[in-house]
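S.K.: The structure under discussion is supplied below as structure tokens; questions concerning it will follow.
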Amino acid sequence: MNKFLLGRRGFVSVLAAGMALAMAGSAIAQEALKVAAIWTVPVEQQWASRLHNALVAADGNGTIDYVYSENISNTDYERVMREYAEQGVQLIVGEAFGVEQPSRGVAAEYPEIMFLMGSSLPPVEPNFATFDNFIQEPSYLTGMIAGLKTESNKMGLIGGYAIPEVNRLMNAFMAGALSVNPDVKFSVSFINSWYDPPKAKEAAFAMIDAGADILYAERFGVSDAAKERGILAIGNVIDTAADYPGTILASALWNGAPMIDKAIADVKAGSFTASDYGIYAFMEYGGSSLVVDESLAGADAVAAAKAKEAEIMAGTFKVEINDGEPKSN
């Protein structure tokens, strides 16, 4: 009897230990993922804000433990990446556009850490995934709205740098405008900065003086010029209509959450790969959308854009991805 009791107690102890290990493993799987982001701009800047806000939301619901650095210069970027890597973060999110080789070099040194970096170049095995804001679909739709609204048939486009991430959105906007108004002429300018509102505003004033009545505001500062001169602007990435009432005709919005949530889930599941996560910016994934001020655009223009949007969602119309540098015509 005693032997039986001792054996039963031993079995119960082993069972309890096994259950404890299983529960510990489950807890590890459910632990908040340690994520760091590195931005070369303020987190309020439109591009960075889409991802930063998605990461803040994930941190708020306990999915991740999020830390970040902003306003990091290209010369300091590699150092900051290494510092986070040494702190044991599991996923680093950032922008490699100006630091392609250094960032890829750091990723190669830390194969156990996953990297999700904004980049114009391909991903690299085993841990360097890339993305971009592929919001060319709603950009095309904003072009349709602008093409039907312009009275001068002259539009100005002001961008940061002539890189694929910017080029494809401008090209899509121009294609959308020409699809409904082949008489439109475009003036294109790049300020060679991601954040210089005064310079963008100066370029915008020059285009207005040349007759443009609608401006494509890829950078901050352009909508300020449009508001001051009483013309219309097309928003990009974020919705700034509330800040510029009566000025923002339409905007192509980027929602970073589908991509960020997918990357987090993949890291947790051990299925994160060196792939292009940019597809999660497409409208079908909820990664981008069109917003339009119908009181400014008019019902007919809105109806035309919505009809084309339905074709995009149905897969019967595809917006061309054109990364070539857009030119004035």
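Every read-out reported here was derived from the displayed coordinates using simple, explicitly stated rules and does not represent laboratory data. Keep in mind it's a predicted model, so treat the numbers as computed, not measured. Methodologically, a virtual Cβ is constructed for each residue, glycine included, from the backbone with ideal geometry; neighbour enumeration extends over all protein chains shown.
S.K.: Tell me which DSSP H helices of the chain clear both cut-offs, 15 Å or more of axial length from alpha-carbon atoms and a mean Kyte-Doolittle hydropathy of at least 0.5.
M.R.: What comes out of the filter, once short or polar helices are dropped, is 2-30, 164-180.
S.K.: So how far apart, in nm, are the two label points at residue 86 and residue 316 if each is 7 Å from Cα heading toward Cβ?
M.R.: Calculated label separation equals 5.9 nm.
S.K.: Could you calculate the contour length gain from residue 229 to residue 163, that is, 0.36 nm times the residue separation minus the distance between their Cα atoms, to one decimal place in nm?
M.R.: Full extension of this stretch gives 20.9 nm more.
S.K.: Just to confirm the filter: which GluC sites (Glu not before Pro) across region 93-142 are DSSP coil and have at most 16 other Cβ within 10 angstrom of their Cβ?
M.R.: Passing sites in region 93-142 are 112.
S.K.: Write down the percent of antiparallel bridges among all DSSP beta bridges whose residues are both part of the chain, to the nearest 5.
M.R.: So the antiparallel bridges amount to about 15 percent of the total.
S.K.: Hey, with R₀ at 35 Å, roughly what FRET efficiency would residue 274 and residue 325 work out to, going by the Cβ-Cβ distance, to 0.05?
M.R.: It comes to 0.80.
S.K.: Related question: Return a whole-number percent for the relative contact order of region 170-235, with Cα pairs under 8 Å and 6 or more residues apart as the contact set.
M.R.: RCO, region 170-235: 26 percent.
S.K.: With all distinct Cα pairs included, what does the Kirkwood hydrodynamic radius of region 31-131 come out to in Å, to one decimal, could you say?
M.R.: By the Kirkwood definition, the hydrodynamic radius is 13.4 Å.
S.K.: Let me ask something else about it. Peptides 205-217, 186-198: what's the order by average Cβ count within 10 Å, highest mean first?
M.R.: 205-217, 186-198
S.K.: Still on this structure, I have one more. Please list the three semi-axes, largest first and in whole Å, of the ellipsoid equivalent to region 35-84, using sqrt of 5 times the eigenvalues of its alpha carbon gyration tensor.
M.R.: In descending order the semi-axes read 20, 14, 5 Å.
S.K.: Could you work out the relative contact order of region 31-131? I mean the mean sequence separation of Cα pairs under 8 Å and 6+ apart, divided by the number of residues, in percent.
M.R.: Computed over region 31-131, the figure is 27 percent.
S.K.: So what is the relative contact order for the chain, in percent, with contacts set as C-alpha pairs under 8 Å and at least six apart?
M.R.: Rounded, it is 18 percent for the chain.
S.K.: Let me ask something else about it. Pairs 227/327; 154/306; 154/318; 149/185: which are spaced more than 20 Å apart, C-alpha to C-alpha?
M.R.: With Cα atoms farther than 20 Å apart: 227/327; 154/306; 154/318.
S.K.: Just how many % of Cα pairs in the chain lie over 30 Å apart, if you round to the nearest whole percent?
M.R.: For the chain, the fraction of Cα-Cα distances above 30 Å is 41 percent.
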